[in-house]
Every structure is written in structure tokens, then in C-alpha cells.
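Okay, so here's the structure we're looking at.
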Amino acid sequence: MHGATPEAANGHIEYARTLLARATREHAPVTLASSMSAEDMVLIDLVCRDKLAIEVFVLDTGRLHSETLDLIRQARAHHGIPIKVYEPDPDEVEEFLNHHALDAIFDSLDIRKSCCAIRKLGPLRRALKGKGAWITGLRQEQSVTRADLADAEWDAANGLYKFSPLAAWSRTQVWDYIKANGVPYNRLYDQGFASIGCAPCTRAIEPGAHERSGRWWWESPDDRECGLHEASGHQAPAAGQDDVTADRVPESQS
Ligand code: SF4
């Protein structure tokens, strides 16, 4: 019986490393958007392993689990890197709370999305300002909204390139990497969480349930995004073709 060679078995890792290096080489300055998910912890490890000039940031929405905040401290110590934190504009949070109860996010999709806009999208815009590319831990199999995810594309909404080096990775490959390399991870995964966001909008799931089913579970699967990755993207131009306009490259979905 023949098994996969080590090179073939690790092809997904090498491909991710190649993409990260390419992003750094062609689109500096580059930043990595981390929610401290298992996928993001893999990416942080790869960036540190290859000593890539990629800054890491977290959007601290003000509603994260204490376990997630603990992991930020742990990751800083484990990797010896700064992890930059962006918070929402306090005036916008105050304005929201003057019109809605804190947990009015359960009352309507519009209110939930306006909370995401204030607590996530505003800080994200600041984090991406002046950058040439951003890195995400999105994977195609995570949800119907991510099935067509490209691993490199022009992010027209934010005006920079977007790389998702784990786009084709399976959940098993993510966890195999974490275990094999002693990468720190969010302890909520040990309590039945399969995808982790803000505390009120995330819950543990039953074994075998879809991994994103614990996120915004009261909404239709088509709506279960926070807006960070909803913009339509375009296939990234090849090296040396950075002047190609969005209209001239094939469209793909973010
Ligand atoms: S995930 Fe929930 S708590 Fe977090 S910003 Fe969006 S609506 Fe608000």
C-alpha cells in the first residue's frame, strides 16, 4: 500500500507559505486580520516561522469572549510578536446604544448588521488603511457564502489585495497543523465551539453540525456574515500586472 509522500501530504502548507511570501513580496505593507480563530493561529504561526513582514491585528469589538482576549495575550508571548488591537469608535457605539438595547441584535438583521458595521467594519477600515494587501483565514468549506472563495483576489470594496492562503484547507488540516506544531488555540473549541466570534452571536454546536451553525444561528445561512468579507472580489492579477484594473480581470466571489 502506498501512502502520500511527505511533500504531497504537506502540499497545502507549502502552498500557503508561497502565497504569504508572494503577498509580502508584491504588495507590502501587508496585514493579517485575526479573530484568533484556529485558522488565524495557523497563519500567525506560518508568518512567524518564515519571519515575514506581516503585521497581525485583531478587531476587539468589545463583545469578545474572555477566552479570546486571553489568547491574544498568550499568542503575543508564544510568538514574541505585537498583535495590534483596533476598537470601535466610542461615539458610534454610544449612538447605537442611544437607539437600541445592547442585545437588540437579535431583533432584526438590520440592527445586527449595524452593530457589525460599528464594531467590526469601522475598525477594519482603519486597520487596512495604507496597506497593499490583507490576509484572512477564510476557508471555502466554512459556509455557503464562502464556497467560491479565491485564495488571491482584488478586494474592490477595500481597495487592496486579499489573500486567503487556507482557502482550500479542510478543518482537519487546520487542526492537524495546530497539534503537530504546538500552536496555541482558543479553549472555547474544547467546549464545543466550532467557529468563534463575538460572545452574544456565537454558541457551541452539537457534534456533526455544520461548523458555522453556531454563528448568528437565528438567521438564514445566506445572511450569516458580518460584512467583513461580503464585497465582490476579482482574481488577483499575475505578478507584474498590478496596473490591471478590476474591470479587466475575471470576477470571483469573496
Ligand atoms: S458579531 Fe454580534 S456582537 Fe459582534 S459586532 Fe456583530 S452583531 Fe455585534
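Nothing in this text is a laboratory measurement; each read-out follows from the coordinates by a stated rule. Because the structure is predicted, anything quoted here is derived from the model rather than measured. Glycine also receives a Cβ, built like all others from the backbone with ideal geometry; neighbour counts cover every protein chain displayed.
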Going from the fewest other Cβ atoms within 10 Å to the most, one would list Leu109, Leu121 as Leu109, Leu121
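Take the alpha carbon gyration tensor of the stretch 105-202, find the square roots of its eigenvalues, order them as a ≥ b ≥ c, and report rounded if a/c is under 1.5; if not, report prolate when a/b exceeds b/c, else oblate.
Numbers: a/c = 1.75, a/b = 1.14, b/c = 1.53.
Cα axes put the stretch 105-202 in the oblate bin.
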Percent of all alpha-carbon pairs of the stretch 1-95 at distances over 24 Å, whole number, is 35 percent
The aspartates and glutamates whose Cα lies under 12 Å from the Cα of Lys129, excluding any fewer than 8 residues away in the same chain, are none
Taking every DSSP bridge whose two residues both lie in the chain, the antiparallel percent to the nearest 5 is 40 percent
Here P(r) for the chain, Cα-Cα distances in 10 Å bins, as whole percents, is 7, 30, 38, 21, 5, 1, 0
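Rank by packing, highest mean first: peptides 38-48, 21-31, 78-88, 152-162, with packing defined as the count of other Cβ atoms within 10 Å averaged across residues.
Values: 38-48: 22.8, 21-31: 17.9, 78-88: 15.0, 152-162: 21.1.
Going from most to least packed, we get 38-48, 152-162, 21-31, 78-88.
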Taking a straight Cα-to-Cα line shorter than 12 Å from Lys120, and setting aside same-chain aspartates and glutamates fewer than 8 residues away, one finds Asp60, Glu87, Asp89, Glu92, Glu225
In vacuo Debye sum over C-alpha of the stretch 159-201, base-10 log of normalised intensity I(q)/I(0) at q = 0.14, 0.17, 0.20 Å⁻¹, listed in q order, is -0.48, -0.67, -0.84
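What percent does the relative contact order of the chain come to when contacts are Cα pairs within less than 8 Å and at least six residues apart?
On the way: 407 pairs, mean separation 55.5, N = 254.
Relative contact order comes out at 22 percent.
Let me have the relative contact order for the stretch 11-151, percent, based on Cα pairs under 8 Å that are six or more residues apart.
About 30 percent, as a whole number.
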